[in-house]
2 protein chains.
Amino acid sequence: MQIMAVHDAMDVLNGKWRISILAVLCYRNKRRFSDILADVDGISNKMLSKELKDMEVNQLVTRTVLDTQPITVQYELTEYGQELQTVIKNLSAWGAKHRKKIIGK
Amino acid sequence: MQIMAVHDAMDVLNGKWRISILAVLCYRNKRRFSDILADVDGISNKMLSKELKDMEVNQLVTRTVLDTQPITVQYELTEYGQELQTVIKNLSAWGAKHRKKIIGK
DNA sequence: CGGCATCCTTCTGGATACTG
DNA sequence: CAGTATCCAGAAGGATGCCG
């Protein structure tokens, strides 16, 4: 039933950083490792690397090595990962509302 | 911007159990402590108690002590918490899709 | 029944340094 | 630049027992 479905979704999305990383890729499209590192406030390269690898395995993002000097690596949402855009946008809308409520204005 | 909003939302929703608990209250409405304990697969009473308390502080759920014998306690989403229904339903839809993809079937 | 306290293990994730 | 490796502190969270 639906409760289990939510649980299944969270299996893939849980963790301190996952959804933030997805949000970056959702709103900014193609993005290099160091860009994401800068976009996601507070994440360490170790965590970013780990989370991206996990999400690649789960087929939410693709990893592309670009033949630049020095090498850069680009990440983007897969078509499948893009199916999460609705979720992310809802979350973003709610988060903005919540921020106002908590911080006051 | 939106990425920060997503981060803010996750501040409140993060953790292994939060969203599952919210999903229960979202789909089942009023629910007693022991019911939720049964609905959320694998959670311990310690965790449930802690998470519910946190969410009460964050004004996502209300706690009502019922004058039964023995005492029972009922939880339900606040109006504010209900604003998360969209998110939860999207998550549920995606989770169901994801489950099919992973488990095959 | 709901929930707190204690104990104890596992997991998370930060800091730092190193490599191709 | 994009990682990987190591070390380690602290948080998460399970098991169990107790209490009103």
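Bear in mind that the values in this text are calculations on the coordinates, not laboratory data. Quantities reported herein were computed from a predicted structural model and do not represent experimental measurements. Quick reminder, even Gly has a Cβ in these numbers, built from the backbone with ideal geometry, and neighbours come from all protein chains shown.
Based on Cα contacts under 8 Å between residues 6+ apart, chain B shows a relative contact order of 25 percent. Helical content alone sets the calculated 222 nm signal of the protein assembly as shown at -19000 deg cm²/dmol, taking -39,500 (n - 2.57) per DSSP H segment of four or more residues and averaging over every residue. The long axis of helix A:18-28 is offset from the longest Cα principal axis of chain A by roughly 70 degrees. Within the straight-line cut-off of under 25 Å between alpha carbons, the lysines reachable from A:K97 are A:K16, A:K89, A:K105, B:K16, B:K30, B:K50, B:K53, B:K89, sequence neighbours fewer than 8 places apart in one chain being disregarded.
When restricted to Cα atoms, chain A yields an Rg and a Dmax of 14.9, 50 Å, respectively. Divide the volume of the convex hull around the Cα atoms of the protein assembly as shown by the residue count and you get 126 Å³ per residue. For the peptide B:77-84, the mean number of other protein chain Cβ atoms found within 10 angstrom of a residue's Cβ is 2. The residues neighbouring B:V57, those whose beta-carbon lies less than 14 Å from its own, together hold a net charge of +1 under the Lys/Arg +1, Asp/Glu -1 convention. Backbone amide hydrogens, once placed in the peptide plane, bring B:T78 within less than 5 Å of B:V61, B:T62, excluding anything fewer than 5 places away on its chain.
Each residue of region B:43-49 was assigned a 3J(HN,Hα) from its phi angle through the Karplus curve 6.51 cos²θ - 1.76 cosθ + 1.60 (θ = phi - 60°); the sequence is 6, 9, 5, 4, 5, 4, 4 Hz, with glycine and proline shown as x.
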